[in-house]
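The values are calculated or read from the model by the stated rules, or taken from the named source; none is laboratory data. Bear in mind the structure is a predicted one, so any value in this text is a computation, not a measurement. No Cβ is skipped: glycine too gets one built from the backbone with ideal geometry, and neighbour counts run over all protein chains shown. Only protein heavy atoms, including side chains, enter the accessible area calculation; ligands, DNA and RNA are left aside. Shrake-Rupley method; radii C 1.70, N 1.55, O 1.52, S 1.80 Å.
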Amino acid sequence: MLKPKIAPSMLSSDFANLAMLKCGADWLHLDIMSLFTGNWGELVQRIKLKSMWPGVALKPGTNIEEVYPLLDGEDSVEMVLCMTVDPGFGGQKFMPEMMNKVHALRKKYPSLDIEVDGGLGPSTIDMAASAGANCIVAGSLVFGASDPAHVISLMRKSIENAQGVG
Ligand SMILES: O=C(CO)[C@H](O)[C@H](O)COP(=O)(O)O
């Protein structure tokens with residue numbers, strides 16, 4: 001079983017109230033958008049040398065084939081984030097057509113951490129989990145909830161159910 005990882009998106013948070021850290025989240029998700037033009041292999045190696053995990057995010061318009069060289073080579077990343085909205089802001093509508101990418105990745109890489117981000121909620125989480133995502137970023141859902149811990153546990157359950165556990 002792949003560990004479910006639930007990552008509240010700090011984009012939707014109140015930085016003066018980070019009680020979320022006590023609500024059972026596995027990661028905190030922070031968007032930093034920039035254009036990288038350097039040496040990819042060197043960057044990955046430097047991240048790993050710091051005992052951190054390199055990952056890569058795919059915008060909705062990027063083809064899945066573009067990520068394979070980053071997973072198959074020597075300096076491979078350890079997580080792929082399939083954006084399910086265009087990056088920029090929270091509260092957007094989930095793009096179900098992105099599930100093809102998640103599905104293709106899961107088929108090719110059974111033990112890869114695959115994350116989805118954007119528009120995740122009760123009506124979309126199961127779709128993402130069944131396609132093979134085990135890491136979920138959620139902003140509005142978690143930070144808008146009266147009981148964030150409950151929401152986080154429901155998301156975890158959805159992933160476990162999709163994996164046939166629990
Ligand atoms: O990366 C993001 C936007 O760039 C946000 O993390 C994402 O949109 C999550 O927000 P929500 O759950 O409200 O859709």
State whether one or more residues within the stretch 12-20 are more than 16 Å from the ligand (Cβ to nearest atom) and in contact with a Leu (Cβ under 6 Å, 6 or more places away or on another chain).
no
Suppose we filter the stretch 88-147 for residues that are away from the ligand (no atom under 13 Å from the Cβ) and open to solvent by 50 Å² or more (accessible area, probe 1.4 Å); how many remain?
13
Identify, please: which residue in the stretch 1-51 is among the polar types (S, T, N, Q) and closer than 19 Å to Pro87 by Cβ and is, among those, surrounded by the most Cβ atoms within 10 Å (Cβ to Cβ)?
Ser9
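Residues Met52, Met33: which one is within 11 Å of the ligand (Cβ to nearest atom) and under 30 Å from Ile159 (Cα atoms)?
Of Met52, Met33, the one residue that is within 11 Å of the ligand (Cβ to nearest atom) and under 30 Å from Ile159 (Cα atoms) is Met33.
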